[in-house]
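Reviewing the structure listed below.
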Amino acid sequence: MSTINPARITGVLLDSIAAEIGFTVGDAIVAINGTHPRDLIDYQFLCADEVLELEVLDEKGKTHHIEIEKDYDEDLGLEFETALFDGLIQCNNRCPFCFIDQQPPGKRESLYFKDDDYRLSFLYGSYLTLTNLPEREWQRIELLRLSPLYVSVHATEPEVRIRLLKNPRGGQILQQLKWFQERRLQIHAQVVVCPGINDGKHLEQTLRDLASFSTGEVPGVASVAVVPVGLTRFRLEKDELIPVSEEKAIEVISQVRSLQKEFSKKYGSNVAWLADEWFLIAGEELPSEVEYNDYPQIDNGVGSIRLFIKQFATAAAEFLPPKISKPRKFTWVVGNAVEKAFQPILQQLNAVENLEVNMRALKSDYWGQSISVTGLLTGHDLLLNLLGQDLGEGILLPKVMLKHGELIFLDDMSIEEVASQLNTKILPVAGVEDLINTCID
């Protein structure tokens, strides 16, 4: 069992209980009502009580015992440096398409962490395979009702999934799905399609198997995202993987759409949804907004482009003025995958008098991709394509390119370093309102 470290505090919210008591950054929670929290899940569960006895370690190493009375479920207002206080559950699979194994060596250590942790899945929607869980963790999932979890299924036929995960435990997926269904717990599934391995008849079998768990008042499988395998130039040689071609994308779109119609009649839901990338690779129009239901797989790139366009239209109607007081010029950097889809947004921005926004839709030379999503562009790609050019007042940079909470690209270059070499400002923007406000304020 991993060592449980004190939960180090990195933020104290203003006007919170914690601020009132006098918590400061650097303090650490050791125990709550006598229990050492393993992770943020334990912390939230334990802090729901009305009376709390906290054991706290201050920055100087001195122990304090604090008693708090509060309303049930009232938050203390603390933020922590990590969600896991007892360490990460590591991944023991060797999936050839794993993005972590498709990176160059010598970058920051955190880029190479391979987690398969159900707690990060529950808290943040990251995907796990279920092959690394000892019995006590299954019991905890059931006891705390940790649902939904996000599961990388890829294939339901045991021999195909074992081949993909390079792990004999990968063949237990159907029994594990039954376990969730019997306990009225849910998963969201993903299937990364690798041509020649889990496509064709195998993809159909997988989707039919997953759809069979989508029935009942609490469906065991709430949704399935079908995603094309993403390959980089750093991948291992002889990994048996084939890039998704335009022809393969057209084939998969047709196959999944046919099954969606069948599932919709039989189960009252599409069950499976195609990631936006399929349509971009195939050169086809994105599905209409209504086809995405309530966007159950938005963080997996299923409908994210359509939703962004919708959100922009709503925000533009409210916040985008017909004119700004003085001329402003920006360069908006996006992946070339969205170049066509984002043209209406570009036109609306440039319809504002005195505002000029030039879109630069880039492919990633760093990863060796001809079609790139915005989140995979790196500092290297910006320097390669923008050096020595008139970039206006600065670069509008979607925050999805940066490490969460830090101003660092996936290739370890910092925003400061790239801005210095390009001799311009880099303006990180998160979402449509941020994009609009940065342009007009």
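Identification of helices (runs of 4 or more DSSP H) wholly contained in segment 339-441 with 3 or more residues that are under 23 Å from Lys326 (Cα atoms) yields 343-350, 431-440.
Give segment 253-308 a look and list any residue that's hydrophobic (A, V, I, L, M, F, W, C), in a helix (DSSP H, G or I) and open to solvent by less than 40 Å² (accessible area, probe 1.4 Å), or say none. Across segment 253-308, the qualifying residues are Ile253, Val256, Leu259, Phe263, Trp278, Phe279, Ile281, Ala282, Ile305, Leu307.
For segment 1-20, enumerate the residues that are surrounded by 15 or more Cβ atoms within 10 Å (Cβ to Cβ) and either hydrophobic (A, V, I, L, M, F, W, C) or in contact with a Pro (Cβ under 9 Å, 6 or more places away or on another chain) (or both). Selection gives Ile4, Ala7, Ile9, Val12, Ile17, Ala18, Ala19.
Taking the conditions exactly as written (out of contact with any strand residue (DSSP E or B) (no Cβ under 6 Å at 6 or more places or on another chain), of a type in the set (A, V, I, L, M), buried (at least 20 other Cβ atoms within 10 Å of the Cβ) and over 25 Å from Asp42 (Cβ atoms)), does Leu165 satisfy them or not? Against the criterion (out of contact with any strand residue (DSSP E or B) (no Cβ under 6 Å at 6 or more places or on another chain), of a type in the set (A, V, I, L, M), buried (at least 20 other Cβ atoms within 10 Å of the Cβ) and over 25 Å from Asp42 (Cβ atoms)), Leu165 qualifies. Residues that are in a loop (DSSP other than H, G, I, E, B), open to solvent by 60 Å² or more (accessible area, probe 1.4 Å) and over 30 Å from Asp239 (Cα atoms) occur at least once in segment 136-145.
Checking each residue in segment 120-135 for being touching a helix residue (DSSP H, G or I) at 6+ places or on another chain (Cβ under 9 Å) and open to solvent by less than 30 Å² (accessible area, probe 1.4 Å) picks out Gly125, Leu128, Thr129, Leu130, Thr131, Asn132, Leu133.
Within segment 224-252, the set of residues being within 17 Å of Ala337 (Cβ to Cβ) and assigned to a loop (DSSP other than H, G, I, E, B) comprises Val229, Gly230, Leu231, Thr232, Pro243, Val244, Ser245. So if I check each of Gly216, Gly196, which one is in contact (Cβ under 8 Å) with a residue 40 or more places away in the chain, in a loop (DSSP other than H, G, I, E, B) and more than 22 Å from the chain's Cα centre (by Cα)? Step by step, each of Gly216, Gly196 is checked, and only Gly196 is in contact (Cβ under 8 Å) with a residue 40 or more places away in the chain, in a loop (DSSP other than H, G, I, E, B) and more than 22 Å from the chain's Cα centre (by Cα). Of everything in segment 23-77 that is of a type in the set (Ser, Thr, Tyr) and in a strand (DSSP E or B), the residue that is surrounded by the most Cβ atoms within 10 Å (Cβ to Cβ) is Thr35.
The criterion of being outside any loop (DSSP other than H, G, I, E, B), touching a Phe, Trp or Tyr at 6+ places or on another chain (Cβ under 7 Å) and without any contact (Cβ under 8 Å) to a residue 40 or more places away in the chain holds for Ile100.
The values are calculated or read from the model by the stated rules, or taken from the named source; none is laboratory data. On a predicted model such as this, the values are computed, not experimentally measured, just so you know. Neighbour counts run over all protein chains shown; Cβ positions are idealised from the backbone, glycine included. Surface areas here come from the heavy atoms of the whole protein model, side chains and all, with no ligands, DNA or RNA. Shrake-Rupley method; radii C 1.70, N 1.55, O 1.52, S 1.80 Å.
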